[in-house]
Number of protein chains: 2
Amino acid sequence: MKKSALQIARASYQPKLPVTLTGSVKAVEGKPTHSVADQEEISKLFPNTYGLPELTFEKNPNPVPGKPINVGVILSGGQAPGGHNVICGLFDGIKKINRDSRLYGFLMGPGGLVDHKYIELTSDIIDEYRNTGGFDIIGSGRTKLEKKEQFDKGLEILKQLGITALVIIGGDDSNTNAAILAEYYKGIGAGVQVLGCPKTIDGDLKNDVVEASFGFDTATKVYSELIGNIQRDCFSAKKYWHFIKLMGRSASHIALECALQTQPNICIISEEVEAKNMTLNDVVDYIAGIVAARAADGNNFGTVLIPEGLIEFIPAMKNLIAQLNDLLAKATDFHKLSPEDQRKFVLENLSKENAEVYASLPLGVARQLTLDRDPHGNVQVSLIETEKLLSEMVGRRLEEMRAAGQYNGKFSPLHHFFGYEGRCAAPSNFDADYCYALGFNAAWLIDAGVTGYISSLRNLTKPSVQWLAGGVPISMMFNMERRHGEMKPVIQKALVRLDGAPFQRFAAKRDSWAINSAYVYPGPIQYWGPADVCDQCTMTLKYEHLDK
Amino acid sequence: MKKSALQIARASYQPKLPVTLTGSVKAVEGKPTHSVADQEEISKLFPNTYGLPELTFEKNPNPVPGKPINVGVILSGGQAPGGHNVICGLFDGIKKINRDSRLYGFLMGPGGLVDHKYIELTSDIIDEYRNTGGFDIIGSGRTKLEKKEQFDKGLEILKQLGITALVIIGGDDSNTNAAILAEYYKGIGAGVQVLGCPKTIDGDLKNDVVEASFGFDTATKVYSELIGNIQRDCFSAKKYWHFIKLMGRSASHIALECALQTQPNICIISEEVEAKNMTLNDVVDYIAGIVAARAADGNNFGTVLIPEGLIEFIPAMKNLIAQLNDLLAKATDFHKLSPEDQRKFVLENLSKENAEVYASLPLGVARQLTLDRDPHGNVQVSLIETEKLLSEMVGRRLEEMRAAGQYNGKFSPLHHFFGYEGRCAAPSNFDADYCYALGFNAAWLIDAGVTGYISSLRNLTKPSVQWLAGGVPISMMFNMERRHGEMKPVIQKALVRLDGAPFQRFAAKRDSWAINSAYVYPGPIQYWGPADVCDQCTMTLKYEHLDK
């Protein structure tokens, strides 16, 4: 593998551990915990792992030699910057506790455990991946560990390799399944601890006990670099409106963080659209209104940030899509109709309300809603080019406004979608430190003998040496939610809180940003240089801490 | 304007000037020059500015005090990283020669000269823009300075402001026009020198005397950062083929440089496609062949770089587009036909060869070719989503191969287009130094009293202190070319040379890169840190120098 100059230089970066973790560690138990909701049901579902205490790590003045341990590690779900450093920290941690400890990586995600595909991660391998982006050290995958047969099959290989602790690095679903697996192994006396680490660029795995998921910091910095560059271009050329869609389907944290960093003219927050029960036309009117107001000042340019999942947060679109799914599931001969007859069929069979929404969509999007379907027959919402849908509808709305004498400008839209550009970037100093510490900390959770815990570091707005290390039972983040028609215990997803400081800050500024071009140009992530440039956490994290 | 932490810290970067330019400067005349072709015609068109000598700057052991001078500056055409530093260098240069010198910036491109829109650039303003991206200090525009009336109108404001030298920062067309303007002003004894600076991210303004245009270094580094990140994602997830289109319509320098930096599985070079007279199907077969070969190894993922201008380099497509332009110009009622009848009309009226090409295109693209037309009635080639066109055709080809038992894999394409993301990035150390030196050097060309010259720095693969400073007559880069039906003197555009070292290096490696995933991950531009990381020039420049 040919390495870039940056990779070579960055390999020698030594992540800065919390002081507590720099020597031998003592686990201090807090009070018993409870799930955030549905405590009775959840306690029944987790008889062996519910109600456990939070753990806080302190320096151990009387260290005892640690025992060697064999540990397995899994990367689960979408890539996020810093995953390699979690594994490097875990490796260094278990080696520090006892140099005879071993680390095994299961390949291509949770499926590797079930299918017994793994490699031993030795220091030669580990050293190649320090402070790098990507999940390619062992690969990742989306197989869900949910079934008893998977658990039992996995246990076979764990026993065979003498593995007594498994670390699952993943998002809310993967950590949910880590807790279920922990409970199962504990219940059958398998002798395998299961621990989680909070990963996702989306930023929606966070709560009172997990301050941030790793990867969010780096990914939003990459997107903000690009948005800043585009804004500088936009402000220099003064002739385009840039519609920029940002990854993050369930929550708008990425869009909100990027907006705080770059100060665009417009940023749509899905959670607000839903809370205000806005229609697609409401969103279009909002954007068109700002385009027209800027045009009145002679500014026929601007930027709009759009969260990837917007469509699914618009109540009227959600209803339309649900009815389309039902309708087309039954209409077996639909694909044999001509495009004109398909449209006619759809409009005649939808409810009046949904038919109106459908008729208001640009032809291409309307057609896409009836064409591309996933294996379950559902509309593939992620294929809808929301950024083009919006700009097309805004363009039409502006022409109506022009006819009514309310607009007299030029509207030339350009489109961008950023997602894959940021998921595997080399981690920022924050994520390099955070991930390494999460992995290192997980080693001490293993040493403490606990299961069903997530590796936890808090006080994240402070320099990393001051972070507080420990672990929290995953079950304390649970509530019951309907999934595929059944009530299940799951980690509550963190959506953007409209009463939270990050959104409030944005909401207080956006009207000014809309009219005045107040663009900020963050530039690329810097790994060396002034601390002001290199060692900043996200604005989301900063404002959330101000809230506390 | 709220500044990012990086902007604030970067403002204090002091570009490293060539040693020659650090004191007083003496201009040494070389031999008279000649244009690269069509010397007789061009010498007649430029009676006052043809055949002038090259200038080389040396340290002046006997400096005489310089005279104060009023200078105008114009940013012309598309944004390129470092434009602000050219202006900062020019400002510092004329102030160094005499502190009473003044700099005026004409607003929003050459149009500002004609329309008398300008600001005086004082040190307060200049200091806000040091080492920043964008052209927003005075804006840019695409008005072409070509007509006598424009020249005369411009001269009015130059006279009014006492400006005796004008620096035009632009690409090949803008420098061509700078030379024509220089000749005109010289011819009428206007007393205004006109000088050029070589700008364009496309990298196609270079030749024996101009080693590189500014902005190419930074832009290709931004694109390579993103391509590298996507490749790391691709290699981690192992399930997508990424089709990545890169800006650069006339030449494939950007795609080639990015390929050398990132080692993708596939990179199409337009100049090669044209030289080999390849059809669109040939390109599709080439890509599909590599997709199938990788699939045979179990690798259903990869990356393809595509230069923006590809379509126009495919001879068969060029012919088709030309005939379509003619055909539809005459078919005044075409837009009244139904889509089906439009297609029928086109197929019936094209030549047999062109009809075959047209019929082979995906429906959406075929339709686009007959729909979107520019004000002159021509197909808007830049609107064609070449990355989607290719992936769709590759997908179809793979299904044919599957039917023939030649392919047994999965093909899930994703699409990206990078252009605006890089044009206004904060300049790399190379571009920051190069641009500042180009502007500073232009001040000395003014002091030397010449006109029709382009600011020139050579030896660019060496540290900037060792660069050779001077100037070359723009007319020596000229040849005669047909433009809008007339033969005109223009700067020869530099296309990718298939016998040049950059392409040869790529060609020698690409078969290995196609099958082996040899991805390199350059990471983001670093402004601080190890010189290996921060101070590298492009691989194109490096290999071109090896060629010399």
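Here are the numbers for the structure shown:
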{"item": "Candidate aspartates and glutamates for bridging to B:LYS67, where Cα separation is under 18 Å - those fewer than 8 sequence places away on the same chain excluded", "result": "B:ASP92, B:ASP100, B:ASP447"}
{"item": "Cut-off 15 Å between beta-carbons: net charge of the residues surrounding B:GLU156, Lys and Arg +1, Asp and Glu -1", "result": "+2"}
{"item": "Surrounding net charge for A:HIS253, when Lys and Arg each add one and Asp and Glu each subtract one, Cβ distance under 9 Å", "result": "-2"}
{"item": "Nearest-first distances (nm) between copies at B:LYS352, label 7 Å from Cα via Cβ", "result": "6.1"}
{"item": "Net charge over other residues, Cβ less than 9 angstrom from the Cβ of A:GLY215 (K, R count +1; D, E count -1)", "result": "-1"}
{"item": "Cα-Cα P(r), region A:427-511, percent of pairs per 10 Å interval", "result": "14, 28, 34, 20, 3, 0"}
{"item": "Theoretical gain in end-to-end length, A:ASN62 to A:MET487 [0.36 nm per residue, Cα-Cα removed]", "result": "148.3 nm"}
{"item": "Length-normalised contact order for chain A - Cα pairs under 8 Å, 6+ apart - percent", "result": "24 percent"}
{"item": "Hz values of 3J(HN,Hα) by residue in region A:126-131 - Karplus curve (6.51, -1.76, 1.60), Gly and Pro given as x", "result": "3, 5, 6, 10, 4, 6"}
{"item": "10 Å Cβ neighbours from other chains, averaged over peptide A:508-519", "result": "1"}
{"item": "Distance between modelled label sites at B:GLU120 and A:ASN48, nm, 7 Å Cα→Cβ extension", "result": "8.2 nm"}
{"item": "For residues of B:6-12, the mean tally of beta carbons on other chains within 10 Å", "result": "5"}
{"item": "Region A:278-425 - percent relative contact order, Cα under 8 Å, separation 6 or more", "result": "33 percent"}
{"item": "Partner lysines for B:LYS330 [C-alpha distance under 24 Å; skip if fewer than 8 residues away on the same chain]", "result": "B:LYS318, B:LYS344, B:LYS352"}
{"item": "Filter on B:LYS148/B:LYS186; A:LYS2/B:LYS542; B:LYS31/B:LYS493; B:LYS2/B:LYS199 - keep pairs with C-alpha separation over 20 Å", "result": "B:LYS31/B:LYS493; B:LYS2/B:LYS199"}
{"item": "Structure-based [θ]222 nm, chain B - -39500 (n - 2.57) summed over DSSP H runs of at least 4, per residue, nearest 500", "result": "-13500 deg cm²/dmol"}
{"item": "Rotational relation A to B, axis-closest Cβ in chain A, residue and distance rounded to whole Å", "result": "A:PRO524, 2"}
{"item": "Residues with amide H under 5 Å from that of A:CYS267, placed H, sequence gap 5 or more", "result": "A:LEU305"}
{"item": "Gyration tensor verdict on region B:36-129 (Cα atoms; rounded if a/c is under 1.5, prolate if a/b is larger than b/c, oblate otherwise)", "result": "oblate"}
{"item": "Cα shape, region A:270-429, gyration tensor, a/c 1.5 rule", "result": "oblate"}
{"item": "Relative contact order (%) - region A:103-248, alpha-carbon pairs under 8 angstrom, separation at least six", "result": "15 percent"}
{"item": "Ranked by how many other beta carbons lie within 10 Å on average, peptides B:249-262, B:309-322 from highest", "result": "B:249-262, B:309-322"}
{"item": "Fraction of antiparallel bridges per DSSP, chain B only, in percent to nearest 5", "result": "40 percent"}
{"item": "Cα gyration tensor shape of region A:1-83, rounded if a/c is under 1.5, else prolate or oblate by comparing a/b with b/c", "result": "oblate"}
{"item": "Exercise: per-residue mean of other protein chain Cβ atoms within 10 Å, A:130-140", "result": "4"}
{"item": "Integer Hz, Karplus 6.51/-1.76/1.60 couplings in order for region B:29-42, x for Gly and Pro", "result": "7, x, 6, x, 10, 9, 5, 5, 7, 6, 5, 5, 4, 5"}
{"item": "Part-to-part distance (alpha-carbon centres) for region B:422-460 and region B:260-295, which is given in Å", "result": "36 Å"}
{"item": "Rounded to whole Å, sorted largest first: equivalent-ellipsoid semi-axes of the protein assembly as shown, Cα gyration tensor", "result": "52, 36, 28"}
{"item": "Label point 7 Å beyond Cα along the C-beta direction, distances from B:LYS117 to other copies (nm, shortest first)", "result": "5.9"}
{"item": "Scaled radius of gyration (Cα, divided by 2.2 N^0.38 Å) that chain A gives", "result": "1.03"}
{"item": "Centroid-to-centroid separation of region B:381-406 and region B:497-526 [C-alpha atoms, Å]", "result": "24 Å"}
{"item": "For A:LEU457, distant residues with modelled amide H under 5 Å away", "result": "A:GLU211"}
{"item": "Low-density loop positions, trypsin sites (Lys or Arg not before Pro), region B:128-192 - DSSP coil, at most 14 other Cβ in 10 Å", "result": "B:LYS147"}
{"item": "Carbon/sulfur fraction of accessible area - the protein assembly as shown, other protein chains in place, 1.4 Å, %", "result": "50 percent"}
{"item": "Radius of gyration, Dmax [region A:199-324; alpha carbons; angstrom]", "result": "15.7, 49"}
{"item": "Förster radius 22 Å - calculated FRET efficiency between A:LYS542 and A:ILE515, Cβ distance, rounded to 0.05", "result": "0.30"}
{"item": "Nearest-ten-degree value, helix A:280-296 long axis tilted from longest Cα axis of chain A", "result": "70 degrees"}
{"item": "Other copies of B:GLY187: label-to-label distances in nm, shortest first, labels 7 Å along the beta-carbon direction", "result": "9.2"}
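The values are calculated or read from the model by the stated rules, or taken from the named source; none is laboratory data. Not measured: the values here are computed from a predicted model. Neighbour counts are summed over all protein chains in view; Cβ atoms, including those assigned to glycine, are modelled from backbone coordinates with ideal geometry. Each accessible area value is taken on the protein alone, full model and side chains, heavy atoms only, with ligands, DNA and RNA left out. Shrake-Rupley method; radii C 1.70, N 1.55, O 1.52, S 1.80 Å.
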